[in-house]
Amino acid sequence: MAHSHAHSFEEPRRPRLAAALAVVVGIVAVVSVLGMVLLWPSSDDVPTGAGPLSNPGVSLVDATVTGVEPFDCGSTGIGPDNTPMVEGDCAQITATTDDGEDAEFTLDPTRYVGAGMNDGDAIQLIRDAPDGQEVVFQFYDYQRGNQLFVMAAVFAILVVAIARWRGLFGLLGIGVAMLVLLQFILPALLAGGPALAIAVVGSIVIMLVVLYLAHGVSIRTTAALLGTLFGVGFTALAGAWATNWAHLTGVGSEDDHLLVASAPGMSLSGVVAATMVIAGLGVLNDVTVTQASAVWEMRGLQPSAGPAQLFKSAMRIGRDHIASSVYTLVFAYAGSAMTVLLLLTVYRQDLMQFITTEQIGQEIVRTLIGAVGLVLAVPATTAIAVALAPAARTETDIDGGDHRREPHAGGAHATDPS
């Protein structure tokens, strides 16, 4: 079934521009894929550490809680070196594994008082069965696979129901992004490759697929892509400079120390800069697509407007989008760092001393660099879209009904999977 972009006017055919843009996009795609091939890590170069479940006789098993018996374990709320601890009872837990084996283990006050546990809870246990010794069980985590699957399914159904084909293609784009992230970016970083180059190449490949898959092949989409490439390039350069200037080492938590020990060839400071590129991709894609669409719609509403007037009209939308997108970045960080912010409130630590620590400083710099790249991408994308949008028409052309269609970047009509 054929579809077409819903614009307020019929766009003129511009085969030469479409062909030229197709060549440009083709070059970008070839260079990006070539870069990915050159940066692709060998499986031998990707470190594989020995985790707690890799020891002989150790396995992870599913179980169901059958009994919870609280008891006083002498927790006073104060640990070694006056470290705060949860005050309260411990609990002796009995459970039955899915294989029918009886299991028994103890929960400390942090787990029992802080989170609680009840009969019937579906949990995961570490089963340790050394040769010639008694089997020992330890609590690992709750089972939540079914819950996550249901929430993901509801999300996908709503996206497809409301956005229809665009929503479906958007979900496919998420799959492509995760594939690039898991199969290329993460292994290449662990192998000690150039972190910034890996992030840039991976991001460009993701955007090439996601943009055209979700929004169709058209000159308008290509304008959004070029604006996105500008944002990615600026964020990469600014991220590398900011990481060095702020002396961000990438080692700010216990997990970072563990990562350094597990992958000694990896530069965590480079990873910090790389995450600045990847973290802002979603919002960057959002604003560039919106600005390109705004220019096209403004052209339909103001067919005789000159480039300067068209730019100003689209930027009025862009300024509103900048404000809301910056809020998105800040609140996203505040939500993810809520535990740390709560600790700041409890300890009443000096604010300046707190925000300049490595752990918090990384997030602040990442947010600021991402926000600056986002802000600059708006006028850049708007200018690119104005340059690529159909030219202004005279009153005679408008009254005469000179309405023609604009081809895709590849020379065919644009498709709109909506």
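Does Q349 fit the bill of being in a loop (DSSP other than H, G, I, E, B) and either more than 22 Å from T222 (Cα to Cα) or of a type outside the set (D, E) (or both)?
Yes; evaluated as a whole, the condition is true for this residue.
Sort through G227, G193 and tell me the only one that's under 27 Å from L39 (Cα atoms) and either touching a Lys or Arg at 6+ places or on another chain (Cβ under 9 Å) or modelled with pLDDT under 95 (or both).
Numbers: G227 fails: either touching a Lys or Arg at 6+ places or on another chain (Cβ under 9 Å) or modelled with pLDDT under 95 (or both).
Checking each option against the conditions leaves just G193.
Run down F169, F184, F139, F155 and say which single residue is at pLDDT 90 or above, closer than 30 Å to T96 by Cα and among the aromatic types (F, W, Y).
F139
Please determine whether any residue of the stretch 83-103 is surrounded by fewer than 12 Cβ atoms within 10 Å (Cβ to Cβ), in contact (Cβ under 8 Å) with a residue 12 or more places away in the chain and on the phi > 0 side of the Ramachandran plot.
So in the stretch 83-103, the residues surrounded by fewer than 12 Cβ atoms within 10 Å (Cβ to Cβ) come out as 83-84, 87, 98-100.
Now narrow it down to the ones that are in contact (Cβ under 8 Å) with a residue 12 or more places away in the chain: 87, 98-99.
With the extra rule that they be on the phi > 0 side of the Ramachandran plot, the set shrinks to none.
No, that holds for no residue.
Do we have I204 as among the β-branched types (V, I, T), in the same structural domain as A294 (by TED's automatic domain parsing), surrounded by fewer than 16 Cβ atoms within 10 Å (Cβ to Cβ) and part of a helix (DSSP H, G or I) here?
no
Looking at (1) at pLDDT 90 or above; (2) closer than 18 Å to T222 by Cβ; (3) within 22 Å of the chain's Cα centre (by Cα), which is the one condition that is false for D286?
(1)
Tell me the residue from F234, F230, F184 that is touching a Ser or Thr at 6+ places or on another chain (Cβ under 8 Å) and either of a type in the set (A, V, I, L, M, F, W, C) or outside the structural domain of S32 (by TED's automatic domain parsing) (or both), please.
Values: F234 fails: touching a Ser or Thr at 6+ places or on another chain (Cβ under 8 Å); F184 fails: touching a Ser or Thr at 6+ places or on another chain (Cβ under 8 Å).
Every option except F230 fails the conditions.
Residue by residue, here is whether (1) touching a residue at least 60 places away in the same chain (Cβ under 8 Å); (2) crowded, with 20+ Cβ neighbours inside 10 Å; (3) over 18 Å from P187 (Cα atoms) holds:
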site	(1), (2), (3)
G239	yes, yes, yes
W245	no, no, yes
V251	yes, no, yes
A263	yes, no, no
S269	no, no, no
L284	yes, yes, yes
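In the stretch 148-158, is there at least one residue being assigned by TED's automatic domain parsing to the domain that holds S32 and either on the phi > 0 side of the Ramachandran plot or of a type outside the set (A, V, I, L, M, F, W, C) (or both)?
No, that holds for no residue.
Among the candidates R111, R127, single out the residue that is closer than 30 Å to C73 by Cα, assigned to a helix (DSSP H, G or I) and not hydrophobic (A, V, I, L, M, F, W, C).
Numbers: R127 fails: assigned to a helix (DSSP H, G or I).
One residue alone meets the criteria, R111.
When you scan the stretch 156-186, how many residues do you find that are over 17 Å from the mean Cα position of the chain (by Cα), surrounded by 15 or more Cβ atoms within 10 Å (Cβ to Cβ) and not aliphatic (A, V, I, L, M)?
The total comes to 4.
For (1) aliphatic (A, V, I, L, M); (2) assigned by TED's automatic domain parsing to the domain that holds A224; (3) touching a helix residue (DSSP H, G or I) at 6+ places or on another chain (Cβ under 7 Å), each residue gets a yes or a no:
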residue: T345; (1), (2), (3): no, yes, no
residue: R348; (1), (2), (3): no, yes, no
residue: T356; (1), (2), (3): no, yes, no
residue: Q362; (1), (2), (3): no, yes, yes
residue: L368; (1), (2), (3): yes, yes, no
residue: L376; (1), (2), (3): yes, yes, yes
residue: T381; (1), (2), (3): no, yes, yes
residue: A387; (1), (2), (3): yes, yes, no
residue: A391; (1), (2), (3): yes, yes, no
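Taking the criterion of being closer than 30 Å to C90 by Cα and either of a type in the set (A, V, I, L, M, F, W, C) or in a helix (DSSP H, G or I) (or both), would at least one residue in the stretch 148-158 satisfy it? Step through it out loud before you land on a result.
Step one: filter the stretch 148-158 for residues closer than 30 Å to C90 by Cα, giving 148.
Those left that are additionally either of a type in the set (A, V, I, L, M, F, W, C) or in a helix (DSSP H, G or I) (or both): 148.
Scanning the stretch 148-158, I find at least one residue that is closer than 30 Å to C90 by Cα and either of a type in the set (A, V, I, L, M, F, W, C) or in a helix (DSSP H, G or I) (or both), so the answer is yes.
Counting only residues that are aromatic (F, W, Y) and touching a Phe, Trp or Tyr at 6+ places or on another chain (Cβ under 8 Å), how many does the stretch 104-144 have? Outline the logic, then answer.
Residues of the stretch 104-144 that are aromatic (F, W, Y), as a first pass: 105, 112, 137, 139-140, 142.
Subset that is touching a Phe, Trp or Tyr at 6+ places or on another chain (Cβ under 8 Å): 105, 137, 139.
The number of residues fulfilling the criteria is 3.
Tell me which residues, restricted to the stretch 298-320, are of a type outside the set (A, V, I, L, M) and buried (at least 19 other Cβ atoms within 10 Å of the Cβ). Working first, answer last.
Step one: filter the stretch 298-320 for residues of a type outside the set (A, V, I, L, M), giving 299-300, 302-304, 306-307, 309, 311-313, 316, 318-320.
Across the stretch 298-320, the qualifying residues are R299, P303, F311, S313, G318.
Within the stretch 130-141, work out how many residues are assigned to a strand (DSSP E or B) and either assigned by TED's automatic domain parsing to the domain that holds T66 or among the acidic types (D, E) (or both).
So the answer is 1.
Got a sec? Which of D131, D45, D72 is modelled with pLDDT under 90, closer than 30 Å to Y347 by Cα and of a type in the set (D, E, K, R)? It would help to see each step written out before you state the result.
Working: D131 fails: closer than 30 Å to Y347 by Cα; D45 fails: closer than 30 Å to Y347 by Cα.
Exactly one of D131, D45, D72 is modelled with pLDDT under 90, closer than 30 Å to Y347 by Cα and of a type in the set (D, E, K, R), namely D72.
The values are calculated or read from the model by the stated rules, or taken from the named source; none is laboratory data. Computed from a predicted structure; not experimentally measured. Heads up, the Cβs are rebuilt from the backbone with ideal geometry, glycines too, and the neighbour counts pull from every protein chain shown.
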